[in-house]
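What follows is a set of notes on a single structure, which appears directly below.
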Amino acid sequence: MRLQHVVESQQFTVPLLMELFQRTRRMERIVARGGTEDYHHKVMATLFYSPSTRTRFSFEAAMYRLGGKVMSTEQARMFSSEVEGEQLEDTIRILAGITDVIVIRHNETGGAERAAQVSRVPVINAGDGQGGQHPSQALLDLYTIYRERRSLDGLTIAIIGELDGGRTARSLAYLLSKFERVKIFFVSPPEVQMKQDILDHLDEHDVWYALESNVDRVVGEVDVVYQTRIRPERVADRRSLGGFTIDSSVLRAMKPDAMILHPLPRTVELDRTVDGDPRALYFRQAENGLYVRMALLTMVWGDD
Amino acid sequence: MRLQHVVESQQFTVPLLMELFQRTRRMERIVARGGTEDYHHKVMATLFYSPSTRTRFSFEAAMYRLGGKVMSTEQARMFSSEVEGEQLEDTIRILAGITDVIVIRHNETGGAERAAQVSRVPVINAGDGQGGQHPSQALLDLYTIYRERRSLDGLTIAIIGELDGGRTARSLAYLLSKFERVKIFFVSPPEVQMKQDILDHLDEHDVWYALESNVDRVVGEVDVVYQTRIRPERVADRRSLGGFTIDSSVLRAMKPDAMILHPLPRTVELDRTVDGDPRALYFRQAENGLYVRMALLTMVWGDD
Amino acid sequence: MRLQHVVESQQFTVPLLMELFQRTRRMERIVARGGTEDYHHKVMATLFYSPSTRTRFSFEAAMYRLGGKVMSTEQARMFSSEVEGEQLEDTIRILAGITDVIVIRHNETGGAERAAQVSRVPVINAGDGQGGQHPSQALLDLYTIYRERRSLDGLTIAIIGELDGGRTARSLAYLLSKFERVKIFFVSPPEVQMKQDILDHLDEHDVWYALESNVDRVVGEVDVVYQTRIRPERVADRRSLGGFTIDSSVLRAMKPDAMILHPLPRTVELDRTVDGDPRALYFRQAENGLYVRMALLTMVWGDD
């Protein structure tokens, strides 16, 4: 299967996901052996219209572990000194003439899609807009669960946080709907609960879900605690925020083989005392991003 | 022939241009075969006192296609955390001790020349000041014409736009004066026409030229339409700006084997409907910048 | 001997310094032969919370001369687009999962130490805080003296400038106290003289020192003139500043085999007329930074 561009997580069918995950395992082994130089002739441009060093570094490290080269900007709005806000399509056409892959973070939803439409080299979306897509994050989340459990069928998961605008929570729910017998608890203050479009999508695909407003009620049942941030200013009753925090009391209630994930960065919703627990896999999750992005790169180049 | 530094387009004699163009062709073939690792031991510093990601990426991709390494800043004014605006000469002397080539964009005219005077490694000017030089742009413009026509002698060209301050238009006119039987139409609103110093230079070298104020009058005669931007605020009668725009009506009047060039970025002066025409070579022109810059790098290092 | 992290110059014992200097010599020879590709599988992250292109480029060039790869930010405070000022420890844990060494410049004293405590890959301090450490600078200063004299025992040195807050002057004095029969003149306006903590340390280690307020009185006696900046606004009597300037009259008084060092950047305290004198070694000193940093990298990776 050939991926041309990586624009949104919806592109990924279950067979494509399984191929991605097999490649990702292979990349883990390659990195453990010291990386490869197989792609030394490839050049990546990371074209970021706003800074996100975390995501940028993950893509750049992926490229380097494959042996490739990277050129990089976090102020792509200044792409030319002469015309502020030069047309995205022109920028992409020019870059496509001198590089082998463009990793783009654009400030407008749909920016990555616009880039893909005019590019003769693969475009990978590293996040576009506020309500937009961030497919490599969703894929590494899913891979982290898959890697530990060997399967996504039959998964029970609590997705916690400010879910209405949560790009990663939304994408994860979307991807999980492709698997069998998945159960999702959305745990959120009512005013920032998961939006109806995702719930409708889950209904259409016969995915079981429930809306909850306290972590404690569900944490004993789930295989995965997927925690995300809640900005206090979005919640009417801030005293209720404690009900969405992962701390040592939540650890005690969790199943012994469950796992805690978080897309990071975190603020107060994930207590640092949790870090030492073997079920705390969020740093491993970040590391998996490296392998998933390496796998994506080899897929868009059409290599076996 | 050995180039020590690339500071201004005037350095290039016709034999040196021909050597550059031959090397450039070779670089095109090398990139088509996947680049080379011949220069893996070379390190480039791109030292930009103001951001210009387009030019920077072109030089960096050139270095990478040669197998080399790149370190990069677009805020060179902060070169040291202690002394804002550290003396350029000191910065260059330090960089020359740790790199193999310095690509500089300086905010003052003459900055690249100052750098070259104290550097023991080659310095390449990537644009200095407003009225300064940008020799690699002029060279890639000229190469693009040469590549299509196999010769620059006998060329008829329309150079269009805001020409009085146009760095690329001025440099191109200068370089064209080195060839035989060249005819140049300068097409510009009278208030921003090409300056007398360039016209005097053309007179001295017996180059035919004419000043025009409408594209339509000349477009049927020329081999090359070289379009540049016009900032509307510089023109008294903005209704006249349509007379300097390249659109489908200009396409119809152009010779079938002519070409349209533009240094990019563009605003309204080059309509997007033109992009699909086979004579629209401006994205190819940008790509040629990669090969020209690769060739320049091998020349300043004195390699065959 | 294995270095795990490079956090402060106090880590370096005399045997460790001697090993570092031997490695540094070897690195000089390797660079003279065109560098090595031995570390092509290594990836460095330069994580700068404030820009210092000079120091960053020196580390990056060191990594490149070893054959390695570099990813780089000078605005690490924007590490994540979501949480301004993401916790340093989280940032480091994530980076440690995808790189082989982290070179950090942090804006708070102790930042590098905090990073080292949570990192599973080596952390190298590239300067932390105002009153903090900058160990690679101190090491390259010391190496430059060692390289010329083959020994640090018996050295007589004048350390000149605004010494109370001078990070490099303080670190150098500290490192020199490890050697035999060293004599130090601290030459400074009284109001910015070296602080008592360093003088106490020298007393404890039986190092001879004297406080002076004019260069001319000591310059004929010393093997090394180590000049640093004085900000005029820190000195009550600005007319006295001439007494701390290195110029041609100081050159005449210096011993013929002495040397002038300066950590750079400079302002007026080191006259440009001095640059041509064979005893002016400050650009050589900057170049030595490349070799010292290469040596540090191979040491933290535990390679022979």
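The table below gives the values:
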| quantity | calculated |
| --- | --- |
| Residues satisfying the stated conditions in region C:6-41, i.e. surrounded by 21 or more Cβ atoms within 10 Å (Cβ to Cβ) and under 22 Å from A:Ala32 (Cα atoms) | C:Tyr39 |
| Where a residue in region C:102-118 is of a type in the set (Gly, Ala, Ser) and its partner, wherever it lies, is assigned to a helix (DSSP H, G or I), with Cβ under 6 Å and at least six apart | C:Ala115/C:Ile92 |
| Failed item, numbered, when B:Val268 is tested on (1) within 14 Å of another protein chain (Cβ to nearest Cβ); (2) without any contact (Cβ under 8 Å) to a residue 40 or more places away in the chain; (3) more than 27 Å from B:Glu8 (Cα to Cα); (4) touching a Lys or Arg at 6+ places or on another chain (Cβ under 8 Å) | (4) |
| Members of region C:154-181 found to be under 19 Å from C:Val218 (Cα atoms), free of Cβ contacts under 8 Å to residues at least 40 places away in the same chain and surrounded by fewer than 22 Cβ atoms within 10 Å (Cβ to Cβ), listed by number | C:Gly154, C:Arg181 |
| Any chance A:Leu140 is over 22 Å from A:Phe21 (Cα atoms), assigned by TED's automatic domain parsing to the domain that holds A:Arg266 and aliphatic (A, V, I, L, M) | no |
| Elements of type helices (runs of 4 or more DSSP H) contained in region C:11-113, each with 1 or more residues being more than 7 Å from every other protein chain (Cβ to nearest Cβ), under 26 Å from A:Thr273 (Cβ atoms) and of a type outside the set (S, T, N, Q) | C:88-96 |
| Among residues of region B:209-257, those that are assigned to a loop (DSSP other than H, G, I, E, B), surrounded by fewer than 16 Cβ atoms within 10 Å (Cβ to Cβ) and either at pLDDT 95 or above or not assigned by TED's automatic domain parsing to the domain that holds B:Leu142 (or both), counted | 5 |
| Number of the condition not met by B:Thr267 [criteria: (1) in contact with a strand residue (DSSP E or B) (Cβ under 6 Å, 6 or more places away or on another chain); (2) part of a loop (DSSP other than H, G, I, E, B)] | (1) |
| Set B:Ser240, B:Ser248: member being farther than 21 Å from B:Ala169 by Cα and of a type in the set (S, T, N, Q) | B:Ser248 |
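Rundown of residues vs (1) of a type outside the set (Ser, Thr, Tyr); (2) over 30 Å from A:Leu270 (Cβ atoms), yes/no style:
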position	(1), (2)
A:Ala76	yes, yes
A:Val118	yes, yes
A:Gly131	yes, no
A:Asp153	yes, no
A:Gly165	yes, no
A:Ser177	no, no
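The values are calculated or read from the model by the stated rules, or taken from the named source; none is laboratory data. Being a predicted model, the structure only gives us computed values, none of them experimental. Positions of Cβ are generated from backbone atoms using ideal geometry, with glycine treated the same way; all protein chains shown enter the neighbour counts.
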